[in-house]
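Structure first, then comments.
Values quoted throughout were computed directly from the atomic coordinates according to the rules given, and no laboratory measurement underlies them. Please read these numbers as outputs of a predicted model, since none were measured by experiment. When we count neighbours, we look across all protein chains shown, and the Cβ atoms used for this are built from the backbone with ideal geometry, even at glycine.
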Amino acid sequence: MRLTRIAAFAAALGYAGTASAQTEIQWWHAMTGGNNEVVVKLAQEFNASQTDYKVVPSYKGSYPDAMNAGIAAFRAGNAPHILQVFEVGTATMMSARGAVKPVYQLMAEAGEAFDPKAYLPAITGYYSTAKGEMLSFPFNSSSMVMWINKDALKKAGLNADQPPKTWPEVFEAAKKLKAAGHATCGFSNAWATWAHIEQFSAWHNLPLSTKANGLDGFDTVLQFNGPTQVKHLENLVELQKQKVYDYSGRTNSGEGRFTSGECPIFLTSSGFYGNVKGNAKFDWAAVPMPYYPEVQGAPQNSIIGGASLWVMGGKSAAEYKGIAKFFAFLSNTDRQAKLHQESGYLPITRAAYEKVKASGFYEKNPSFQTALIELTGKEPTENSRGLRLGNMVQLRDMWSEELEAALAGQKTPKAALDAAVTRGNALLRQFERTAGR
Amino acid sequence: MEKRATFSNRYLPYALLAPQILVTLIFFYWPAAQAIRQSFMLEDAFGLSSDFVWFENYVALFKDPSYYQTLWTTFVFSGSVAFLSLSVALLLAVMADAEIRGATAYRTFLIWPYAVAPAVAGVLWIFMLDPSLGMVARGLKSLGLDWNPRLNGTHALTQVVLASAWKQISYNFLFFLAGLQAIPRSVIEAAAIDGARAWRRFWTITLPLLSPTTFFLLVVNIVYAFFDTFGTIDTMTQGGPAKATETLVYKVYSDGRLGGDLGGSAAQSVILMIIVIGLTAVQFRFVERRVTY
């Protein structure tokens, strides 16, 4: 009894000591290493910039861990204010009406200046409704690019300044690289389904699924088993046999094969930048993803990956006001420009992008702009605005399984993609039942 | 004659039992009941809407051919882990039971791996078996074997079996050693005098006398392979490639936690619960019958 009284007294003292009635804003995230420092620094800068609110970031594990922690906390009635959710969790979050507060509503209610047009549509489109209302606030965005080991290309007698642009050129280059000593891997990729199904479809302006890849409704039906995707998988299967292509797993755990020099051509996220810069002991560059020249309109534009910040429901007006202020703080042009150049995340506002462009930064660091060029090169179509599929984590696992079955020679590419579509559709129908209401 | 404790107060025994019963109810029966309830529901991740759907989750499960594949994988995996860890442990125990200098030190070293967490065991083995980084993988490749657990299901399964079995060897070793030391020397010496050679003595005397231990360990190992290898699988293969290393427990995790399909995942847990009840029942009946030989 006495102990608790002392504790209460100490706590009261502690509160009195910090500041008068500061509103705390809990921010749960999944950033590690250098990215974690960015999060902490942003919170510190925001807290130092004003006295009414205090943003408290907490690391909650990997992306799925953080999302599950947020969901579990919501079910227990004690959700954080801001939850960082990876892009594949978008459909789950937006279907949770009442559990989340859409950003456009938040900004309107808090009376914060907010112009949706100020943001890059290629990025915010992914997190907006069909009407363009922003649901979650993009935080760390990236896209898929092709990383090349220029030294290895030169050694194999290829022109490293004219890296392969199309898939047939990549295949040819990889064959030469294999002959020149990269016996186990001519080219490879991380995030198997993101590379060969999701980005591949958008980049070739092919539908991943109906209803604008699910952006226009949960009654979307998968259709990525078309002839172009099948042909591409057939090529990969053929090259896998000779190890010109070598599969590197579902996630980014195989990325070390690029930095170690094993795989000289490697498709993965533009967010790989820091890692390459720190670890690669050779001359490298990030270039746009390859495409099939015979496909009409290719290359279209790529889609983003990464994560966004969701505002959870059921909080007080004062807390929402603070969150809105924090988002306005994050959108600041100078801050966005700086964040982009330091962390490698894509800038989310047009003004920030223009500012960095004008500064001449990209001339010195062309690899930084690759993802932005891919994203903004063309006006997005129904097939390339983004994707919003329920149960996306499971869908990706299913698709990976089918890709693996095809690459291991257990199934024909056509049968594998057909199965990926059929199995995926069953999962989408299940999601529609729980989320439709 | 049965022993009977007597209490002067009728309620005292209940009061003494209450804490344990309470713990069991709160931490075991309550979650189990929740799982059973959840397995009849279709619910979104946030719990905003839920429907009572009777046996739909179970029907979906049994209609799904990949569930049977996972079931089969689990049996192959558990059988291999149990066989490998038991046979290696027995071999080591027989060796360590011999009169050698520094036997205690050997024994202690052999017990150490048991303290390694499954996830760490997985990472340790990745360092040896990863096709790009691993030393063992390099050795295999130089022997002409195209070692590729990223795509080859058999290689991936071998990898998780090795890591899981390795971790369990120490535990089995400990029990086997104790079992061996409990075998009366006189029996073995008598057989030796009758002219039985070491190999024969092992098969006809040691092994039969060890059978209660072996059986107990078999059940423990199968339960271990079923339920405690999650960390190893998660760090090494995440159930892939193409479901080749997905066991029942891993599927519960990936569907429920990663996929947010709580109903389907709960239905799987209930089935697992039934399997464990079955295994335990078998163990008790069998061990109780065989314990006096």
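Worth a mention:
- Net dipole in debye of segment A:100-239 [+1 Lys, Arg Cβ; -1 Asp, Glu Cβ; about Cα centre; nearest 20]: 560
- Global geometry of segment A:88-237, whether rounded, prolate or oblate, following the gyration tensor of its Cα atoms and the 1.5 cut on a/c: prolate
- Neighbour counting of Cβ atoms within 10 Å sorts the residues B:ILE274, B:ILE126, fewest neighbours leading, into B:ILE274, B:ILE126.
- Placing a label point 7 Å from the Cα of B:ASP228 along the Cα-to-Cβ direction, the residues of segment B:170-212 whose backbone N falls under 11 Å of that point are B:170-172.
- All aspartates and glutamates inside 16 Å of A:LYS60 as judged from Cα atoms, apart from same-chain residues fewer than 8 positions distant: A:GLU37
- Taking other Cβ atoms within 10 Å as a rough exposure proxy, A:SER58, A:SER331 sort from fewest to most as A:SER58, A:SER331.
- 222 nm mean residue ellipticity, helices alone, for chain A (DSSP H n ≥ 4; -39,500 (n - 2.57); rounded to 500): -14000 deg cm²/dmol
- As a calculated quantity, the FRET efficiency between B:TYR114 and A:ALA358 at R0 = 60 Å, using C-beta atoms, amounts to about 0.45.
- Normalising the average separation of contacting C-alpha pairs (under 8 angstrom, six or more residues apart) by the number of residues puts the relative contact order of chain A at 24 percent.
- Taking the charge dipole of segment B:200-279 about its Cα centre, with +1 at Lys and Arg Cβ atoms and -1 at Asp and Glu Cβ atoms, the residue from B:LEU217, B:MET273, B:VAL252 reaching farthest to the positive side is B:LEU217.
- Legend: mean number of C-beta atoms from other chains within 10 angstrom of residue C-beta atoms, peptide A:399-408, equals 5.
- Relative contact order (percent, whole number), segment B:218-262, Cα cutoff 8 Å, 6+ residue spacing: 27
- Chain A: angle of helix A:392-407 to the longest principal axis, Cα-based, in degrees nearest 10: 20
- Here the spin labels are modelled as points 7 Å beyond Cα on the Cα-Cβ line, and at B:ARG285 and B:SER50 they lie 3.5 nm apart.
- Taking the Cα centre of the protein assembly as shown as reference, the dipole from Cβ charges on Lys and Arg (+1) and Asp and Glu (-1) amounts to some 1300 debye.
- The alpha-carbon of B:LYS167 sits under 26 angstrom from the alpha-carbons of these lysines, leaving out residues fewer than 8 places away in its chain: B:LYS141, B:LYS243, B:LYS251.
- Residue-averaged [θ]222 nm for chain B, counting only DSSP H segments that reach four residues, each worth -39500 (n - 2.57): -22000 deg cm²/dmol
- Aspartates and glutamates with Cα under 16 Å of A:LYS321, excluding same-chain neighbours fewer than 8 positions away: A:GLU24, A:ASP52, A:GLU109, A:GLU112
- Per residue, the convex hull around the alpha carbon atoms of segment B:1-86 comes to 259 Å³.
- Of all DSSP bridge pairs formed entirely within the protein assembly as shown, close to 65 percent run antiparallel.
- Which of A:VAL287, A:GLY390, B:SER78, positive extreme of dipole for the protein assembly as shown (C-beta unit charges): B:SER78
- Under the simplified labelling scheme, the B:ARG185-A:GLU238 pair shows an inter-label distance of 7.4 nm, with each label point 7 Å from Cα along Cα→Cβ.
- Order of B:TRP147, B:TRP203, A:TRP194 - criterion: other Cβ atoms within 10 Å of each residue's Cβ, fewest first: B:TRP203, B:TRP147, A:TRP194
- Dipole of chain B [Lys/Arg +1, Asp/Glu -1 at C-beta], most positive-end residue of B:PHE230, B:LEU162, B:ASN9: B:ASN9
- Taking chain B as a Gaussian network of alpha-carbon nodes connected by springs under 10 Å, the highest mean-square fluctuation of the residues B:ARG150, B:ARG197, B:ARG257 belongs to B:ARG197.
- Tensor-based shape of segment B:99-246 (alpha-carbon gyration tensor, a/c under 1.5 rounded, otherwise prolate or oblate): prolate
- Cβ-placed point charges (K, R +1; D, E -1), dipole of segment B:73-290 about Cα centre in debye, nearest 20: 360
- Gyration tensor (alpha-carbon) shape descriptor, segment B:192-281, a/c threshold 1.5: prolate
- Each Cα pair under 8 Å and six or more residues apart adds its sequence gap; the mean of these over the residue count of segment A:311-437 is a relative contact order of 14 percent.
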